[in-house]
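Every number in this text was worked out from the coordinates using simple rules, so none of it is lab data. Note that the structure is predicted; figures quoted are calculated from it, not measured. Note that each Cβ is placed from the backbone with ideal geometry, even for glycine, and that neighbours are counted across all protein chains shown.
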Amino acid sequence: MSALPLPALHASHGGSWLRDGNAATRTVSKGEAMMAAADTPLLILNAPLLATRLGYPDLSGLDLLELFAFVHPARFVVPTPKGLAHALDLTEPDGEPDVPRLLQEAAGRLLETCESPDWQEREGAWTSLQSLVRMRWPWATLLGTRIAKPQRAERWLFSRLPEWEETADQPQPRQVELSEADVLQQLQTLTGAKAEQREGQRAYAAQSAAAFSPRKASGQPNVLLAQAGTGIGKTLGYLAPASLWSALSGGTVWVSTYTKALQRQLRQESRRAWPERRPDGSQPVVVRKGRENYLCLLNLEDALQGGFAGRAAILAQLVARWAAYTRDGDMIGGDLPGWLGTLFRQRGITALTDRRGECVYAGCPHYRKCFIERASRASAQADLVIGNHALVMVNAARGRDHAARPTRIVFDEGHHVFDAADSTFAAALSGSETIELRRWVIGPEKASRGRRRGLSARLADIVSYDEAGAKAIAAARAAAEALPGDGWMQRINEGAPSGPLEDLLASVRATVYARDESGGQEAGYGLETEAAGLDGTFIEVSQAAREALADLRQPLMRLGMRLEALLEDPPDWLDGQGRARIEGARHSLSWRIDLLSAWEALLERLGGPADPEYVDWLAVDRSEAREFDIGIHRHWLDPMKPFAKVVLEPAHGVVMTSATLRDGEDWGKAVARSGVEHIGVTPRLSAHSSPFDYAKQAEVLIVTDVPRGDIPALAAAYARLIEASHGGALGLFTAIRRLRAVHGRIADRLARTGLPLYAQHVDPIDTGTLVDIFRDDPAASLLGTDALRDGVDVPGDSLRLVVMEQVPWPRPTILHRARRLAGGGGSYDDGIIRARLAQAFGRLIRSRDDRGHFVVLSAAFPSRLLSAFPEGTPVLRLSLEEALHRVATNASEEAYRPDHAARP
């Protein structure tokens, strides 16, 4: 293999290095690096991250990640020098100055791959390259001489993708009882005959089997609430009875998660119980997500045919390469590299999914190849469906999906079911929501080269033959003019709203600011006030808005009835494609009609007596003092009430499990937050302690001398703790502003000692990729917020220190205040805090060999919260100097002495 003799540039918080085509490397200043990048295309790795390091936002060049995505679509690589070296079987860089050498070698290896007869992803590459040449993609010229024109014309992507096939509906599952002996035998099969017998896991599996017993009465599912400490092995614990029940009954089990990381883990673990494919080629295990996670082939086709321009058009070509090789079309957390979208500094990835609900379903020319429809049909035939909490709830509520109402469900990460239900069953009448509805009905106000068209354009070939339908669409278009249009926020800020809905939003904004008591101190956060005590003028404006929404709902309902009539008594001209388009339109119409009804109900109750089941408020959403939305919000005081009706009542067996399901020894909160009380079910309760020796493996250190609100002192504490542990630290913050301030003060200092620091909300990298980078380098540390407090699995040396900046108090929102009042006041808050602490502590010890410290930088840590930590865990209140000594001593005892100079 020969290295590509082009200049290569690498920069980090520790410095910048430039290597020329003659293999000479030198240290350069940021200014020199920017000048070199501006003069000629350089070999680089992760342009957005490099640009952040250099402070040069317009940086571009020959990005190795883009080349990797072209040559090896749908193949995993950690987007770091070390990760690239491992993926291409190259020698790791010997320190940061050696990274440019790796970039030259990696480029050479990838280009040589394109000339190899063994290149597995060759098909479609030449055709895609011709488009990329016209787009002046930096790599196109170098690839042009290495990818030979195929002798036979390559098939277009959309003709290469396989079609799904219709299958017969599955019969009802057989009613079976699982014996404890059979469940334990199945568990031993999954864990392996030579595996250690874990009594906690065996008891957990045996008790989980009860949820799969025949239901005794309609609307009364078998429910198990199972607390399983970290290390119990709960995944295989519930997969044992689930796989056994599926095999004996012929039914489908759904496992619902909250995080994509656990979905990936479950997919791996499930291979112990099921093969990748059945003999007939079908999948026994299917991963399901919301449709907004999957590539929309119609959106991709529009992007490839001119809907995207500039860099976004290059992204579309790389996504098309991926689409030909992807396992399931999952763009968010699937086998599309999480870093690909961030390379293009825009929302190109989300534009290729169906986030706006414009799907025409069977009316789409790619319907038979659609990734979403394929996953839906596969799940109807599967033994195990791995979904997420929101999908399970939405499917159950709408009931359209082929497997919409799963009857046996395991809710892993069960402590998040309440939050997922809170989001699913809420209503928000906001500027962003209403403008999306306007665009769906009318179409974009600006010219669009894509398919983002209005209702009349999507149904033009149907309603042109149907006068009643055409009139309904015309009436809907006219009524939709009352909704906010482009520039609505600016008009409201200027005091010139247009239409009844903008008038309402302007009144909301004025009311919120009039009642604000923060004195401008909360500039970084949104503002809110109760939807109570509203004056007569506000009520008049809200009722005018309600009438405008009703004026839109009525023609949409007439259109829905007309489309239904066309299907029941089809005219001669209605062909199969037209029927399919009507079916899709009916579904889209139905949930938008429901949305309008919810908004009308929300407005109708304003000014009347408060409904004790709901919490309503007005809000101005802001980010760093910039307003981005205005609206009226409604949440259930207890969202488990609709959850119980929609999800639990139709089910036959439900397991809710988590390491942090209950509060200490108290099951009361867990039972209340499961929803079972709303359907009169008494759940089985099961608790299994972690097998880890926390007295020897971990310490909780409460540092008492870091002043609250002192950012320099906070930053210094983080830096010194990370240095004492030689990296491997996860820093958790309750505010993005403080996270950024700390990162800005310590990143350069740590990098100079060979300790790279990454951060959410700072580095232009998605959260999943940040965790991949952190996991891959034991010297790295990562700062983040709530998303990293739960669901991050990093066993071993890569995570040996967790630092929380303060006690994670709940933010005092209106919704929180109402639930706090109903839930017992201070004890309600304490339960939330203990759960957050337990979740954060759970990141630290993931295996029997793990060792580490959990540090809280808060002198005011109440003793009543200490029960959040596992029994036997040592807890010490001490100074920062004493904490540093204990962290450093642990690092020494563990003999962790990385050669910092050898870590890029």
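Structure values in brief
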| read-out | value |
| --- | --- |
| Matching label, Cα extents along the principal axes in Å computed from the structure shown, candidates [x] 75, 69, 65; [y] 122, 73, 63; [z] 88, 69, 66 | [x] |
| Efficiency of FRET from Cβ geometry, ALA713 and ARG864, R₀ 30 Å, rounded to 0.05 | 0.70 |
| Rounded FRET efficiency, nearest 0.05, which uses the C-beta distance separating GLN185 from SER847 and R0 of 41 Å | 0.95 |
| Nearest-0.05 FRET efficiency for ARG355 and SER423, computed from C-beta distance (R0 22 Å) | 0.90 |
| Point-to-point label distance, ASP793-ALA460, nm (Cα→Cβ direction, 7 Å offset) | 5.0 nm |
| Gap separating the Cα centres of the stretch 1-37 and the stretch 143-205, nearest whole Å | 45 Å |
| Spacing of the two label points (7 Å from each Cα toward its C-beta) at ARG877 and ALA598, in nm | 4.6 nm |
| Contour excess over end-to-end distance, with Cα ends at ALA822 and GLU583 and 0.36 nm allotted per residue | 81.6 nm |
| Under 17 Å from LYS645, Cα to Cα: aspartates and glutamates that are on another chain or at least 8 residues apart | ASP419, ASP422, GLU613, GLU677 |
| Stretchable slack from ARG684 to GLU32, in nm (0.36 nm times residue separation minus alpha-carbon distance) | 228.0 nm |
| Relative contact order for the chain, counting Cα pairs under 8 Å that sit 6 or more residues apart, in percent | 15 percent |
| Within the chain: Cβ-based charge dipole about Cα centre, in debye rounded to nearest 20 (Lys, Arg +1; Asp, Glu -1) | 920 debye |
| Length-normalised contact order of the stretch 631-763 in % [C-alpha pairs under 8 Å, at least 6 apart] | 16 percent |
| Flagged links, alpha-carbon separation over 25 Å, of LYS669/LYS696; LYS289/LYS369; LYS82/LYS194 | LYS669/LYS696; LYS82/LYS194 |
| Label zone at ASP20, where the point sits 7 Å out along the Cα-to-Cβ direction: the stretch 80-116 residues whose backbone N lies under 16 Å | 101 |
| Packing-based ranking, highest mean first, of 101-112, 619-630, 305-316, 560-571 given that Cβ atoms within 10 Å are counted | 101-112, 305-316, 619-630, 560-571 |
| Inter-probe distance in nm under a simple model that places probes 7 Å from Cα toward Cβ, at GLN151 and ALA532 | 8.0 nm |
| Estimated 222 nm signal from helices in the chain, with DSSP H stretches of n ≥ 4 weighted -39500 (n - 2.57), rounded to 500 | -12500 deg cm²/dmol |
